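The structure appears right after this line, and notes come after that.
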Amino acid sequence: MEISALFIGLILSLGLCDLSSVLAVNTSGDGLKQGAMHTEDRTVAEFSTEASSVKCKLQGIVRQPAFSMDGDYVIGGVFSIHHYMQTVDHNYTTMPEPQKCSGSIKSRELRFARTMVYAIEEINNNTELLPGIKLGYEIHDSCAAVPVAVHVAFQLANGLDTVFYTADKCSQSGMVMGIVGESGSTPSISMSRIIGPFDIPQVSHSSTCACLSNKQQYPTFFRTIPSDQVQADALAKLVKRFGWTWIGAVRSDSDYGNNGMASFLDVAQKEGICVEYSVSFYRSHPRSRIQRVADVIRRSTALVIVAFLASGELRILLEELSREPSPPRQWIGSEDWVTNPDMLRFSFCAGAIGFGIQQSVIPGLREFLLDLPPSKVAASPVLTEFWEGAFNCRLEKSAATDESVCDGSEDIRTLKDLYTDTSQLRITHMVYKAAYAIAHAIHNAVCQDTNSTTQCNKISRIEAKQVLNQLKKVNFSQNGYDVSFDANGDPVAKYELVNWQKTESGSIEVVTVGYYDASLPVGQEFHINKNISWVEGGSQVPVSVCSDSCRPGTRKVLQIGKPICCYDCIPCPEGEISNVTDSPDCFPCPKEFWPNTERDTCFPKPVEFLSFDEVLGIILAAFSLGGACLAIITAAVFFHHRTSPIVRANNSELSFLLLFSLTLCFLCSLTFIGAPSDWSCKLRHTAFGITFVLCISCVLGKTIVVLMAFKATLPGSNVMKWFGPPQQRLTVVSFTFIQILICTVWLVVSPPFPMKNLTVYKKRIILECALGSAIGFWAVLGYIGLLAAFCLVLAVLARKLPDNFNEAKLITFSMLIFCAVWITFIPAYVSSPGKFTVAVEIFAILASSFGLILCIFAPKCFIILFKPEKNTKKHLMTKNQS
């Protein structure tokens, strides 16, 4: 009921049908479907014959077309030839006056209309397309206004005859087979809703609103220009391609601008592009609204402006901006204005880039457009108005104006106007293809190809629905350009990337610098083959970001209350990196890696160990070898003087064994230097433990020998027979065997092994030997310490024995040094970091070894070499007088 009533009210308001016809509508049940559209192919005009059996009569004043021609089949055309519709005040007491256009003629739209005329005349002269059939046309001016476009849509569905009657019904007597137009999306939406229920196909050359791809709402709408959805995707990818993440957005407050910008913003958000502002206006808004939009642009920080505007709105905005110059801006344009030559007069927009419909060539069109003899101009009110406006004269003398009369010298070929400018045929070619598409659909509906000939039947009338069905299937080439429609009535989307560049003369020209093909794989849609001139003639891509990109080594932290493109760059924390620009997070390096100074790359941590190449390792190795050499030299001295009293008196066998063990002690410290390996880790600790126990066992044996020797001097004592050479050897072997047993258990249960220590230093890896079993390590040290303590106690007991050369004193002093070194070693070993742990251990080995060899053997060697007079039995047996 509501739909039916609304439809009837719209008909009455436009004065298109007699009231008696309207009363015939069955408004019960399903409304329009059951009443106004009782059968699928019936029109509003049919109702009058059913109601009163009289001729169908159109009410109101018929709107005369701008251009028309009779034919077997008529194609309608709707173009915005004028800028505005004259405002009419309704008093609701008399019939309203017909809507009239106002403002100047839009030369570009006039060219579109004349191109449609040219296309139909070319088709009529074509022997292959619709042979023997003449196409007519009925082209209207919509004044760029929705009310007029709706009026025209109804009229194209009914015809121009005020009274018509055919047999028992009058439906479709004047219905066109298809309509080319409208230029704007909003008028096209209104028209499509009117003619859609009558299955009249509409092919637009310039209506790009993505909403028109909805076949449920606009089932008869087609277009030869790509949808704004594709253009919005392309614009967002263009902005992303040049690294602009901070932009401003301006749109027409219409279906074209609002839907197009909504699609763009949706894609832009997915691409990580932020919008500082998004404003809209329409050409009919008061100037204060336009000023506010201009002020927003002037105050903004975004350098790039994406303008989804119709040419009419952009012209008004740029005129307002030119009154008070704003900072330079990089304009990104939609196809509606970026290729419009009328916009090129705004030189401060030089550098603008955007997408334009592909340029094309229509042979013979320029000659047709320029073929305007006075008789043809005078016969058309539209051409008359155009001619008079272009040459500023009147075709006929009028007392109302002071303009001069055209004298016939006016030459349209010299006219610099958008009507005559065919240098860049873009939208014009879309009109041309739209007319041909409808013609091919009619051809497929009425013609049949048989035996290489085409037969067309113009006697049997076809319905618009047949043309509609054939239009969905058309697929042809014209002048080398393919024409077809997908399921949504859209063509294959291809754009040229155009750039406003200044010429040497200072004028602006549109230069094609590349193309965009939506049918290509993702990432390959763009192809730029020429240099682009940017804002203010720059050759470098301008920068438009809210915040500068965060370099690798930092991460983005969003600024509170601002879009995601506004952020601060925070350095990555220690141990973490970011290796891409604008990274939202830092991530830690693997365990064995560490960031470089810039914190954008993970490098392997340097491996640290005590090596033979560094100074500390060289010094310790030198002392180790020096100690071993000292022990060997001492052994050589003792061997050379083995028969001397001082050597014989100090148990030469144990002395040589002690020197041998000291040599091994010095040499075992070398196993601690160098990169740890599985064998070196096992060798260094066991060799150290065994050689030191052998050394202490020898010292302990010498101490016991000293004690036993003095005990044996007492009357009646035969102690020495219980501690002779065999017992001394057995003591050394027994003590050493115990250490060997401890080391064997340690190696079997949990031996030392090489490991990478990652905890001591963050930036370095310490290559060291893990102890394996800590109990085994401390058992080895504990056993050495136990023997050393026992030896120290015995040496202390023997230190005051009355002898001129008491070896117990030397052993006591050496054991004090030994114990002091190893007691100090424990805390130093535990607290030393990295390779210094090994250095401390080597130092303890060398210090204790040097302490033993120097304290025990140095005094004897001194006597042997420098005081031979004291190397006598008499001197050694003399009691110490002190």
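The values are calculated or read from the model by the stated rules, or taken from the named source; none is laboratory data. What you are looking at is a predicted structure, and each value in this text was computed from that prediction instead of being measured. Cβ sites come from the backbone with ideal geometry, for glycine too, and all protein chains shown count toward neighbours.
Given the condition farther than 24 Å from D678 by Cα and modelled with pLDDT of 85 or more, answer yes or no: does some residue in the range 743-751 qualify?
No, because not a single residue in the range 743-751 is farther than 24 Å from D678 by Cα and modelled with pLDDT of 85 or more.
I'd like the full set of residues that are in contact with a Phe, Trp or Tyr (Cβ under 9 Å, 6 or more places away or on another chain) and closer than 19 Å to K100 by Cα, limited to the range 367-382.
S380, V382
Within the range 675-690, work out how many residues are surrounded by 18 or more Cβ atoms within 10 Å (Cβ to Cβ) and in a loop (DSSP other than H, G, I, E, B).
The qualifying residues number 1.
Please go through the range 502-529 and pick out each residue that is small (G, A, S) and under 23 Å from D233 (Cβ atoms).
G514, A518, S519, G523
Looking for whichever is at pLDDT 90 or above and not assigned by TED's automatic domain parsing to the domain that holds K433 here; the options are V446, V467, V498, V483. Which one fits?
Only one candidate qualifies: V498.
Find all pairs meeting these conditions: Cβ atoms under 8 angstrom apart; at least six residues apart or on different chains; first residue within the range 97-113 and at positive phi; second residue assigned to a strand (DSSP E or B) and crowded, with 21+ Cβ neighbours inside 10 Å.
Close Cβ pairs satisfying both conditions: G103/H82.
Return the residues of the range 587-602 that are assigned to a loop (DSSP other than H, G, I, E, B) and either under 15 Å from P552 (Cβ atoms) or of a type in the set (S, T, N, Q) (or both); say none if nothing qualifies.
Passing the criteria: C589, N596, T597, E598, R599, D600, T601.
Looking at F723, F735, which is the one that is modelled with pLDDT under 90 and under 18 Å from H685 (Cα atoms)?
Being modelled with pLDDT under 90 and under 18 Å from H685 (Cα atoms) holds for just one of F723, F735, which is F735.
Which of the numbered conditions does K416 fail, given that it passes all the others? Conditions: (1) part of a loop (DSSP other than H, G, I, E, B); (2) under 42 Å from the mean Cα position of the chain (by Cα).
Going through (1) part of a loop (DSSP other than H, G, I, E, B); (2) under 42 Å from the mean Cα position of the chain (by Cα) one by one, K416 breaks only (2).
Which condition breaks for I619 when tested against (1) at pLDDT 85 or above; (2) in contact with a helix residue (DSSP H, G or I) (Cβ under 7 Å, 6 or more places away or on another chain)?
Result: I619 passes all but (2).
Condition first: outside any helix (DSSP H, G or I) and of a type in the set (S, T, Y). Can you find one or more residues in the range 184-199 that meet it?
For the range 184-199, residues outside any helix (DSSP H, G or I) and of a type in the set (S, T, Y): absent.
Report whether or not N451 is at pLDDT below 95, surrounded by fewer than 16 Cβ atoms within 10 Å (Cβ to Cβ), on the phi > 0 side of the Ramachandran plot and touching a Ser or Thr at 6+ places or on another chain (Cβ under 9 Å).
In short, no.
Listed here are the residues, each with its yes/no results for (1) surrounded by 19 or more Cβ atoms within 10 Å (Cβ to Cβ); (2) more than 48 Å from the chain's Cα centre (by Cα); (3) touching a residue at least 24 places away in the same chain (Cβ under 8 Å).
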residue	(1), (2), (3)
T731	no, yes, yes
F737	no, yes, no
L747	no, yes, yes
P752	yes, yes, yes
T759	no, no, no
R764	no, no, yes
L767	yes, no, yes
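Each row is one residue, and each column tells you yes or no for (1) closer than 19 Å to Q229 by Cβ; (2) in contact with a strand residue (DSSP E or B) (Cβ under 8 Å, 6 or more places away or on another chain); (3) acidic (D, E); (4) surrounded by 13 or more Cβ atoms within 10 Å (Cβ to Cβ).
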site	(1), (2), (3), (4)
C456	no, yes, no, yes
S484	yes, yes, no, yes
N488	yes, no, no, yes
N529	no, yes, no, no
W534	no, yes, no, yes
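Which one of the conditions (1) surrounded by fewer than 20 Cβ atoms within 10 Å (Cβ to Cβ); (2) in a helix (DSSP H, G or I); (3) basic (K, R) does R642 fail to meet, given that it meets all the rest?
All conditions pass for R642, except number (2).
Has the range 746-767 got any residue that is over 28 Å from F609 (Cβ atoms), assigned by TED's automatic domain parsing to the domain that holds L654 and not β-branched (V, I, T)?
no
I need the full set of residues from the range 473-493 which are in a loop (DSSP other than H, G, I, E, B) and free of Cβ contacts under 8 Å to residues at least 24 places away in the same chain, in order please.
G480, D486
Of (1) crowded, with 21+ Cβ neighbours inside 10 Å; (2) part of a helix (DSSP H, G or I); (3) hydrophobic (A, V, I, L, M, F, W, C), L610 satisfies all except one. Which?
So L610 meets the others, but not (2).
If P201 meets every condition in (1) on the phi > 0 side of the Ramachandran plot; (2) modelled with pLDDT of 95 or more apart from one, which number is that one?
The one condition P201 does not meet is (1).
Does the range 334-347 contain any residue that is free of Cβ contacts under 8 Å to residues at least 24 places away in the same chain and either of a type in the set (F, W, Y) or touching a helix residue (DSSP H, G or I) at 6+ places or on another chain (Cβ under 6 Å) (or both)?
The answer is no, given that none of the residues of the range 334-347 is free of Cβ contacts under 8 Å to residues at least 24 places away in the same chain and either of a type in the set (F, W, Y) or touching a helix residue (DSSP H, G or I) at 6+ places or on another chain (Cβ under 6 Å) (or both).
Could you list all residues from the range 624-639 that are surrounded by fewer than 20 Cβ atoms within 10 Å (Cβ to Cβ) and not small (G, A, S)?
Within the range 624-639, L625, C629, I632, I633, V637, F639 meet the criteria.
Considering each of R251, R289 in turn, give the residue that is outside any helix (DSSP H, G or I) and not β-branched (V, I, T).
On inspection, the qualifying residue turns out to be R251.
From the list V62, V74, exactly one residue is modelled with pLDDT of 75 or more and crowded, with 19+ Cβ neighbours inside 10 Å. Which is it?
V74
Could you tell me whether V821 is in a helix (DSSP H, G or I), closer than 16 Å to G689 by Cα and modelled with pLDDT of 85 or more?
Judged against the criteria, V821 is not a match.
Can you pull out the residues in the range 223-248 that are outside any helix (DSSP H, G or I) and either closer than 20 Å to V304 by Cα or not hydroxyl-bearing (S, T, Y) (or both)?
R223, I225, P226, F242, G243, W244, T245, W246, I247, G248 - these are the residues of the range 223-248 that are outside any helix (DSSP H, G or I) and either closer than 20 Å to V304 by Cα or not hydroxyl-bearing (S, T, Y) (or both).
Any idea which residue in the range 77-91 is nearest to L130 (Cα to Cα), counting only those that are surrounded by 15 or more Cβ atoms within 10 Å (Cβ to Cβ) and hydrophobic (A, V, I, L, M, F, W, C)?
Looking at the filtered set, the residue picked out is V78.
Look through S652, S669 and report the one residue that is crowded, with 18+ Cβ neighbours inside 10 Å and closer than 29 Å to G851 by Cβ.
Step by step, each of S652, S669 is checked, and only S669 is crowded, with 18+ Cβ neighbours inside 10 Å and closer than 29 Å to G851 by Cβ.
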